[in-house]
């Protein structure tokens, strides 16, 4: 397997497997590192995700895929669909916890919700792994910046899933997500879809990314540090613009 894709996939997979279990708050106050990560993620969304959605829109406007050519703003509809689906999963998780406040840590291991939740995020990880093939023509700095943004995103997603599912996530969930990134990267090396199809996949992923960043990586005013947020956004934006 050539190119940086498989290397980055292994690095991102390790986030789920091991790094996410580190107690970062013991070294850096939680409100500071969460705000910094939120700033980095917002920089990534505005300078990478939104422009890429515009590029994907151009690809689909000239696509021969049935039905797509008849829809306006197809990319943004797909991004909206991804956002709605994962927002629904979050609401489902919160409702389940509220209705079962005394549920045992292992009680959700065999539940349909646990497997649906993990499967949905495994699909996202597989998409991320697949799209790593497109980094082959990028510079080393671009690859590093992409890795940092996505790694911070996965780290916080991992914490959210652990909070929802606890022991089942540690025993099974995180390994499924770890494997999904690797499988996606292997598939990406072996099979190359048309540009329009990749645009569809990316658009769905972008919707979920935007939701998770706004919902999980921008803490409320009681748990945030404005200057850490500004620092993360400024540093990441400056590095992107310097490329």
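Computed from the coordinates by the stated procedures, all read-outs in this text should not be read as laboratory data. Everything numeric in this text was worked out from a predicted model, so none of it was measured. When we count neighbours, we look across all protein chains shown, and the Cβ atoms used for this are built from the backbone with ideal geometry, even at glycine.
So if we plug the beta-carbon distance of residue 112 and residue 28 into 1/(1 + (r/R0)^6) with R0 = 25 Å, what FRET efficiency do we get, rounded to 0.05? My answer for the efficiency is 0.10. Packing around the peptides 162-175, 228-241, taken as the average count of other Cβ atoms within 10 Å per residue, puts them in this order, highest first: 162-175, 228-241. Each of 59, 52, 195 has some number of other Cβ atoms within 10 Å of its Cβ, and from fewest to most they run 195, 52, 59. A full extension of the chain between residue 14 and residue 214 corresponds to an added length of 69.6 nm, given 0.36 nm per residue minus the alpha carbon distance. Across region 122-205 the C-alpha pair distances fall into 5 Å bins from zero in the proportions 3, 14, 20, 24, 19, 11, 7, 2, 0 percent. Applying 0.36 nm per residue to the separation of residue 194 and residue 84 and subtracting their alpha-carbon distance, the gain on full extension is 37.0 nm.
Each part gets one Cα centre, and for region 9-56 versus region 114-192 those centres are 12 Å apart. Treating r as the C-beta distance of residue 226 and residue 50 and R0 as 25 Å, the FRET efficiency rounds to 0.65.
Gain on full extension, evaluated as 0.36 nm per residue between residue 119 and residue 7 minus their Cα-Cα distance, stands at 38.0 nm.
Over region 106-203, Cα pairs under 8 Å with separation of 6+ residues give a relative contact order of 54 percent.
Counting other Cβ atoms within 10 Å as a rough exposure proxy, the listed residues 178, 119 run 119, 178 from fewest neighbours to most.
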